[in-house]
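One structure below.
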Amino acid sequence: MWRELLPIINKCSSFVKLKRIIAWCLRFKENARNPPSQRTIGSLTATELSRALICLVRNVQSVHFPLEIQCLLRVNAKAKNQVMADLSSNRVKVSRVFTKVGIDYAGPFFIKLYPGTEYFPAEIEEAVKDHFVRSLRRDDEGRYKVSLPWLEVHPELSDNRNIAERRLKSCVRSLEKRNCLQEYENIFKEWDSEKIIEPVEPEEFAREKGHFLPH
């Protein structure tokens, strides 16, 4: 970026002459870089005169508007074309309206809860859906509430406290790194004041085994 006007601007009384001088200088620079077989000869072309005009305008702008130009510069700019993820098969498969709903536009995200997750038969999945529809309701304040489905005959849930504790600590570290931990604390305090949740002391559940559900 230029810090001062080209001296020739103040020495030349004709703008047409000035533009032609700059055009000859630009041609000399290009010819000096190119081999003899690729050098330009003959009279100036309209393209060369246009480039000379742009050169003069940029010189004047850089001297009189340095701050504005600095603000417009793209520092560490991202690519113009956003990198898109591969679409899931449900997004590109032809089907009837509302056959596939609830597809996440940012994913979908495939989340592995923890090692040992078992596959549930289709009959159980349908029963869970029916239970959700029957138990879904809204309270007086307009909040949706739903009860968790439990099998009448089910194996005892494993004690996954260690896994949950490691994930909680990892989440806290991530929030601290992004300076978002205080915002989450304020949300939980608000929920506590509205009786949506209730605090549990560590000693209260440390004495018994339990199964922690991911939030």
Most packed first (mean Cβ within 10 Å per residue), the peptides 51-59, 162-170 order as 51-59, 162-170
Which of the pairs K145/K169; K93/K145; K169/K195; K93/K169 have their Cα atoms more than 32 Å apart in this structure? K93/K145; K93/K169
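Just so you know, all these numbers are worked out from the coordinates, no wet-lab data involved. None of these values were measured; they are calculated from a predicted model. Quick reminder, even Gly has a Cβ in these numbers, built from the backbone with ideal geometry, and neighbours come from all protein chains shown.
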